[in-house]
C-alpha cells in the first residue's frame with residue numbers, strides 16, 4: 001500500500017523557512033485531518049517530487065513536452081553536490097526560450113525548495129485553491145501544493 005502526503009513548498013524556491021513553520025505544519029495537519037505532519041528543512045535547494053505519480057514535464061511557454069532525458073541532463077547540470085541545486089537558465093527545445101527547472105510545468109505539481117511542510121493524506125484529495133490560500137495566509141508567503149505518493 002502506498003503512502004500519500006500533502007506537501008506545501010514556497011512558490012519562491014529561495015524563500016527561507018518562515019518563523020511560523022510550526023503553525024503552518026499544524027494548519028496543514030488540521031486540513032489533512034491527521035496528526036502526522038512535519039517540517040523538513042534542507043538548508044540547500046532540493047527537488048521536492050510527487051513520487052510515483054510523476055507523469056509529464058512541459059514547457060511553461062508553449063506546453064511542448066520536455067523529455068525525461070532532457071530533464072535529467074538539466075538536473076545533472078544544476079546539481080552541485082553539497083550545495084544542492086542551482087537553478088541555471090536552460091533553453092527549451094520546443095520554442096527556444098530561457099527557463100529554469102522550477103519554472104517547468106510538472107504534472108502533477110513538483111518544485112524546488114529549501115524546506116517543505118507535509119502531512120499524511122488519509123484518503124482525501126489534493127489541497128484546494130482555498131485551502132492553499134488559508135495556508136499562504138498562515139505562512140505569509142505564496143505556496144505551491146504537491147501531492148506525494150510513495
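For every residue, the table says whether it meets (1) under 21 Å from residue 15 (Cβ atoms); (2) touching a residue at least 24 places away in the same chain (Cβ under 8 Å); (3) touching a strand residue (DSSP E or B) at 6+ places or on another chain (Cβ under 7 Å); (4) exposed (fewer than 15 other Cβ atoms within 10 Å of the Cβ).
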| site | (1), (2), (3), (4) |
| --- | --- |
| 37 | yes, yes, yes, no |
| 42 | yes, yes, yes, yes |
| 48 | yes, yes, yes, no |
| 66 | no, yes, yes, no |
| 77 | no, no, no, yes |
| 81 | no, no, no, yes |
| 85 | yes, yes, yes, no |
| 140 | yes, yes, no, yes |
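When residue 61 is tested against (1) under 17 Å from residue 125 (Cα atoms); (2) free of Cβ contacts under 8 Å to residues at least 60 places away in the same chain; (3) in contact with a strand residue (DSSP E or B) (Cβ under 8 Å, 6 or more places away or on another chain), exactly one condition is not met: (1). If you filter segment 3-30 down to residues that are without any contact (Cβ under 8 Å) to a residue 40 or more places away in the chain and closer than 18 Å to residue 42 by Cβ, you find that the one that is surrounded by the most Cβ atoms within 10 Å (Cβ to Cβ) is 22. Looking across segment 57-89, just one residue is out of contact with any helix residue (DSSP H, G or I) (no Cβ under 6 Å at 6 or more places or on another chain) and closer than 30 Å to residue 27 by Cα, and that is 84. Within segment 113-130, the set of residues being in a loop (DSSP other than H, G, I, E, B), in contact with a strand residue (DSSP E or B) (Cβ under 7 Å, 6 or more places away or on another chain) and surrounded by fewer than 21 Cβ atoms within 10 Å (Cβ to Cβ) comprises 126 only.
Read-outs throughout are calculated quantities, based only on the coordinates presented, and are distinct from any laboratory measurement. In this text the structure is predicted, and so the values were computed from the model without any measurement. Reconstructed Cβ throughout: ideal geometry from the backbone, glycine too, with neighbour counts over all protein chains shown.
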